[in-house]
Amino acid sequence: MWLRDVAPEDVTLCALLEQRAADAPEQTFFTWEDSSFTLSGFNASVNAMARNLVAAGIAARQAVAVIMETSVDYLCLWFALAKIGAVEVPVNSAYRGDLLAHALKTSGATACIVDGAFLQNLNEVLDQVSDIATVFVRADAMQTPMTPGLLNFANLTRPADETNPGNAPGYCDTAGIIFTSGTTGPSKGVLLSHHYLAAYGYMYAEINGLQADDVILNYLPFFHIGAKFLTIATLVCGGRMHLEQRLSVSGFWDTVRRFGVTNFVAVGGVCNMLLGRPPQAGDRNTPIRTIYAVPDPADIHQEIENRFDCRLTTVFGSTEVGLPLFRSTDDDYRPGSCGRTSPYYEVAILDDHDQPLPAGEIGEIAVRPKRAFLTGSGYVNMAAKTVESWRNLWLHSGDRGYFDADGWYYFVDRATDSIRRRGENISSYEVEQLVGKHPAIAEVAAVAAPSELGEEEVWVQVILRDGQQLSAEELLCHCGEIMPYFMIPRFIEIVADFPRTPTAKVAKYKLRQSGPGKGAWDCQANGWTISRRGLVRNRGG
């Protein structure tokens, strides 16, 4: 069942779950730890939670922020919000301070559902977010001191009518808002329709040739569109999903064999990390058939396929543009290419005046869908940015590339000023704003530096105010206190000035070309580790 075969109004989260639960009620939809959840049982839980949300005052088209780790509760909540037509705003659970306040304010959220582990972060910004009138705290952390007026998430999981609440939203209505990195400004919230969100899963299933006997490993956080399209793809192909809170490289192959995993997403440096483990006799003896590698590292592509006896697929895509370019299981490998044009999109390489360029010439990758609602619907409360990105009937990706005479496309670099680190898109603007909060700093430039694991590391150069002193290590600790872990710079350099353009702007392209030199302080080489817990000082460091 591919996207081209289904009417648009049937391509929604609600329609998919209802149909699959009706067709195969006792089939396992997903596993979590040692528990299994059938399609009908899960759908019943979703319906009950949807009714409890309505009883708690959550309404259609209301923006509801969700700050939660991956869990069965979160998966159920996502579908329940969709069934009542509310707009889910999944917020990166590492956000705090200004970044968190920005996401909550920009989205227009008036309710928030939060794991207790992140309640303190929410409490610290609530005075800046006056629109949020309702806060549910998930019961597993109710030991956290509760502010009067907060509600218990358990109220949403209590028994209720398990039939479909009805009044499902339209396929063109907004289902969610996912924040993606800003470049010259704060992060932007992408408006996602019910149709687009579900279509993403259809396209993933098609690219990877998924069938009813496939088992999809989903370890991605649900504030990431990847976790969502893997869930939808499971419903589309009629297979099974194994849900994990996060990736464990050390236990990865044990999980694959135990649950019969046949497909997973390798974001960031995952391919490098899996290859980095010593070869084992059973490396080729696993159920894995396909790895969706984004990016697909040309230098180790063949080694991955040979060592693990599988096929790598890849795409060019984003939260805004969908999956307009791909290499599927049916395509031959073309080193360095991100694929050919999807049948659902038009793709062009444009010059600075939005004129199409011929084969071999580098320009901006631009996209437009061949059917409605196959891209994001704009940026929430950012009209000017929406017009800028969707100008001249093309959705501008902000990425540069080219295509060859055979119609294969190649990603070259970002035209924008973002940093890609371990699967996270990071706004250099936001890094600069947070680093610049230190009173000793006059000016900041944040750029990408190469990483040994593929993708990039965060590198900041700073100019100090006259008469101020600050060590790189002191600045690192400042960053650790106010930044999400994934933004904390690995490389820090204190400089007298930056290379500049004739108009005195920082010439970041020159910084990127040079890379961190001898004057750059590497926190990793100086006894620090950047982990999900934040900054960790290594013993003996």
Next on the checklist: What's the total number of residues in region 506-540 that are in contact with a Ser or Thr (Cβ under 9 Å, 6 or more places away or on another chain), part of a loop (DSSP other than H, G, I, E, B) and open to solvent by less than 40 Å² (accessible area, probe 1.4 Å)?
Outcome noted: 2
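Residue by residue, here is whether (1) farther than 25 Å from residue 271 by Cβ; (2) buried (at least 17 other Cβ atoms within 10 Å of the Cβ); (3) aromatic (Phe, Trp, Tyr); (4) free of Cβ contacts under 8 Å to residues at least 12 places away in the same chain holds:
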residue: 309; (1), (2), (3), (4): no, no, no, no
residue: 314; (1), (2), (3), (4): no, yes, no, no
residue: 335; (1), (2), (3), (4): no, no, no, no
residue: 339; (1), (2), (3), (4): no, yes, no, no
residue: 353; (1), (2), (3), (4): yes, no, no, yes
residue: 360; (1), (2), (3), (4): yes, no, no, no
residue: 363; (1), (2), (3), (4): yes, yes, no, no
residue: 373; (1), (2), (3), (4): yes, yes, yes, no
residue: 383; (1), (2), (3), (4): yes, no, no, yes
Next on the checklist: Here are the criteria: (1) in contact (Cβ under 8 Å) with a residue 60 or more places away in the chain; (2) touching a Gly at 6+ places or on another chain (Cβ under 9 Å); (3) open to solvent by 10 Å² or more (accessible area, probe 1.4 Å). Tell me which single one residue 214 does not satisfy.
Outcome noted: (3)
Checklist entry - What is the residue count in region 385-394 for residues that are open to solvent by 50 Å² or more (accessible area, probe 1.4 Å) and without any contact (Cβ under 8 Å) to a residue 40 or more places away in the chain? => result 6
Checklist outcome for this item: Note: among 343, 335, just one is in a loop (DSSP other than H, G, I, E, B) and either among the aromatic types (Phe, Trp, Tyr) or modelled with pLDDT under 95 (or both), namely 335
Checklist outcome for this item: Within region 346-368, the residues that are aliphatic (A, V, I, L, M) and in a loop (DSSP other than H, G, I, E, B) are 357, 359, 362
Checklist entry - So is residue 423 at pLDDT 90 or above and over 17 Å from residue 513 (Cα atoms) or not? => result no
Checklist entry - Could we say that residue 320 is touching a Gly at 6+ places or on another chain (Cβ under 8 Å), under 28 Å from residue 107 (Cβ atoms), among the acidic types (Asp, Glu) and in a strand (DSSP E or B) here? => result no
Next on the checklist: Filter region 80-122 down to the residues that are in contact with a Leu (Cβ under 9 Å, 6 or more places away or on another chain), within 17 Å of residue 155 (Cα to Cα) and in a helix (DSSP H, G or I) and list them by number.
Outcome noted: 80, 81
Next on the checklist: Just checking, does region 33-41 include any residue being more than 21 Å from residue 210 (Cβ to Cβ) and open to solvent by less than 10 Å² (accessible area, probe 1.4 Å)?
Outcome noted: no
Item to check | Candidate set: region 515-533, residues that are free of Cβ contacts under 8 Å to residues at least 40 places away in the same chain and more than 19 Å from residue 461 (Cα to Cα); chosen: the one farthest from the chain's Cα centre (by Cα) | outcome: 527
Checklist outcome for this item: Picking from 348, 440, the residue that is more than 25 Å from residue 267 (Cβ to Cβ), open to solvent by less than 20 Å² (accessible area, probe 1.4 Å), modelled with pLDDT of 95 or more and in contact with a strand residue (DSSP E or B) (Cβ under 8 Å, 6 or more places away or on another chain) would be 348
Item to check | Among the residues listed as 160, 205, 175, the single one being assigned to a helix (DSSP H, G or I) and at pLDDT 95 or above | outcome: 205
Checklist entry - If we scan region 52-68, do we find a residue that is out of contact with any Cys (no Cβ under 7 Å at 6 or more places or on another chain), open to solvent by 10 Å² or more (accessible area, probe 1.4 Å), at pLDDT 95 or above and under 21 Å from residue 243 (Cα atoms)? => result no
Item to check | Search result, residues across region 415-456 that are among the aliphatic types (A, V, I, L, M), within 30 Å of residue 298 (Cβ to Cβ) and assigned to a strand (DSSP E or B) | outcome: 419, 426, 445, 446, 447, 448, 449
Item to check | Residues being small (Gly, Ala, Ser) and at pLDDT 95 or above - total across region 111-126 | outcome: 1
Next on the checklist: Among (1) surrounded by fewer than 23 Cβ atoms within 10 Å (Cβ to Cβ); (2) within 16 Å of residue 322 (Cα to Cα); (3) among the basic types (Lys, Arg), there is one condition residue 228 misses while meeting the rest; what is its number?
Outcome noted: (1)
Checklist entry - Which of (1) in contact with a Leu (Cβ under 8 Å, 6 or more places away or on another chain); (2) in a loop (DSSP other than H, G, I, E, B); (3) among the small types (Gly, Ala, Ser) does residue 480 not meet, given it meets every other one? => result (2)
Item to check | Complete set of residues in region 129-147 that are farther than 22 Å from residue 74 by Cα and either modelled with pLDDT of 95 or more or open to solvent by less than 80 Å² (accessible area, probe 1.4 Å) (or both) | outcome: 129, 147
Next on the checklist: If I go through region 20-58 residue by residue, how many of them are small (Gly, Ala, Ser) and touching a residue at least 40 places away in the same chain (Cβ under 8 Å)?
Outcome noted: 8
Checklist entry - If you go through region 299-319, how many residues are within 30 Å of residue 390 (Cα to Cα) and either β-branched (Val, Ile, Thr) or in contact with a Ser or Thr (Cβ under 6 Å, 6 or more places away or on another chain) (or both)? => result 4
Checklist outcome for this item: When region 235-262 is checked residue by residue, the ones that are open to solvent by less than 10 Å² (accessible area, probe 1.4 Å) and under 18 Å from the mean Cα position of the chain (by Cα) are 243
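The values are calculated or read from the model by the stated rules, or taken from the named source; none is laboratory data. What you see is a predicted model, and the numbers here were worked out from it, not measured in a lab. Virtual Cβ from ideal backbone geometry, glycine too; neighbours counted across all protein chains shown. For the accessible areas, the whole protein counts, side chains as well, though only heavy atoms, and no ligand, DNA or RNA atoms are used. Shrake-Rupley method; radii C 1.70, N 1.55, O 1.52, S 1.80 Å.
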